[in-house]
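J.: Provided herewith is a single structure, encoded as structure tokens, for subsequent inquiry.
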Amino acid sequence: MNNLITKPTELSLNILSEYISKGDIVIDATAGNGHDTLALAKLVGLEGTVYAFDIQEIALQKTKTLLEQEGYISRCILILDSHNHMKEHIPYSQIEKISTVIFNLGYLPNEEKRITTTLETTLPAVKQALELIKVNGVVAITMYDGHPSGKAEKEGLLKFSKELPAKEYHAAYISLINQKNQPPELIFITKKKSIANYDKSR
Ligand SMILES: C[S@@+](CC[C@H](N)C(=O)[O-])C[C@H]1O[C@@H](n2cnc3c(N)ncnc32)[C@H](O)[C@@H]1O
């Protein structure tokens, strides 16, 4: 692939495209304006499904409008809820069948900056995402540390990722070190073997 290393949000999607096949089930944990949801919808094809979460109605409305305009709405399920409840919305039969979960953290561009992702909910959401992905699936996180809560979120996620057991996961951290204006940084976590310690009572 040419231009693999590009701006972080595109770089993340470039890497994810290697993990997603037609018919896959994937999750966008932060729908926002819907750009990532749309990119995932294209990658999963007609038989695939994208679950997209956001806590703001305006974000899901923007995502819905974009998906309708582009003709991809029928393969997407939009959920107005925090991503730390994602397991409650995903059918039990799909646990460890999800190929990708993407988090693009921070706030909705051009909207209320007060409403932003925080470590308090992001960390449990990432833990759930790691339970949901299949072996060789990936969790991708785009982090912005230009604001105080983003800095704490990034530090917490890096600490968590570094401490993941190496027998079960590969965790990678990508930082574009020569760019201006604090570009986002990326974490990718892939699952090496089934953990199967999820709540079997569901
Ligand atoms: C940077 S934007 C996402 C950009 C989006 N992926 C796109 O392609 O346009 C971050 C989004 O996360 C949402 N968000 C904040 N806290 C959340 C939470 N706990 N659960 C789900 N979404 C959340 C915000 O409402 C915002 O829309």
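Only the coordinates and a few stated rules stand behind these numbers; no lab work does. What you are looking at is a predicted structure, and each value in this text was computed from that prediction instead of being measured. Counting neighbours? That spans all protein chains shown, and the Cβs are built from the backbone with ideal geometry, glycine included.
J.: Could you say whether any residue in segment 106-118 is among the β-branched types (Val, Ile, Thr), more than 26 Å from Gln182 (Cα to Cα) and touching an Asp or Glu at 6+ places or on another chain (Cβ under 9 Å)?
T.: Within segment 106-118, none of the residues are among the β-branched types (Val, Ile, Thr), more than 26 Å from Gln182 (Cα to Cα) and touching an Asp or Glu at 6+ places or on another chain (Cβ under 9 Å).
One line per residue, one yes/no per condition, for (1) surrounded by 18 or more Cβ atoms within 10 Å (Cβ to Cβ); (2) within 11 Å of the ligand (Cβ to nearest atom); (3) not in a helix (DSSP H, G or I):
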position	(1), (2), (3)
Leu66	yes, yes, no
His85	no, yes, no
Ser93	no, no, no
Ser99	yes, no, yes
Pro109	no, yes, yes
Glu112	no, yes, yes
Thr122	yes, yes, no
Val135	no, no, yes
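J.: Another question about this same structure. Among residues belonging to segment 137-147 that are under 19 Å from Ser194 (Cα atoms) and among the hydrophobic types (A, V, I, L, M, F, W, C), point out the one that is farthest from the ligand (Cβ to nearest atom).
T.: Within segment 137-147, the match that is farthest from the ligand (Cβ to nearest atom) is Val138.
J.: Turning to a different aspect of this structure: Taking segment 9-28 as the search range and keeping residues that are within 12 Å of the ligand (Cβ to nearest atom) and not aliphatic (A, V, I, L, M), which one is nearest to Arg75 (Cα to Cα)?
T.: Asp28
J.: Please state which one of Leu11, Leu38, Leu16 is surrounded by 13 or more Cβ atoms within 10 Å (Cβ to Cβ) and over 22 Å from Thr190 (Cβ atoms).
T.: Numbers: Leu11 fails: over 22 Å from Thr190 (Cβ atoms); Leu16 fails: over 22 Å from Thr190 (Cβ atoms).
Only one candidate passes the filter, namely Leu38.
J.: Another question about this same structure. With respect to Glu153, determine if the residue is assigned to a loop (DSSP other than H, G, I, E, B), within 11 Å of the ligand (Cβ to nearest atom) and in contact (Cβ under 8 Å) with a residue 12 or more places away in the chain.
T.: Judged against the criteria, Glu153 is not a match.
J.: For Thr37, only one of the following conditions fails: (1) outside any loop (DSSP other than H, G, I, E, B); (2) farther than 23 Å from Leu4 by Cβ; (3) more than 6 Å from the ligand (Cβ to nearest atom). What is its number?
T.: Here Thr37 meets the rest and fails (2).
J.: Pairs only if they're at least six apart or on different chains, beta carbon under 8 angstrom, first in segment 29-44 and closer than 15 Å to Ser74 by Cβ and without any contact (Cβ under 8 Å) to a residue 60 or more places away in the chain, second among the basic types (Lys, Arg) and within 10 Å of the ligand (Cβ to nearest atom); list them, first residue then second.
T.: Partner pairs satisfying both residue conditions: Gly34/Lys62.
J.: While we're here: In segment 51-59, is there at least one residue being closer than 19 Å to Gly137 by Cβ and more than 11 Å from the ligand (Cβ to nearest atom)?
T.: Yes: one or more hits.
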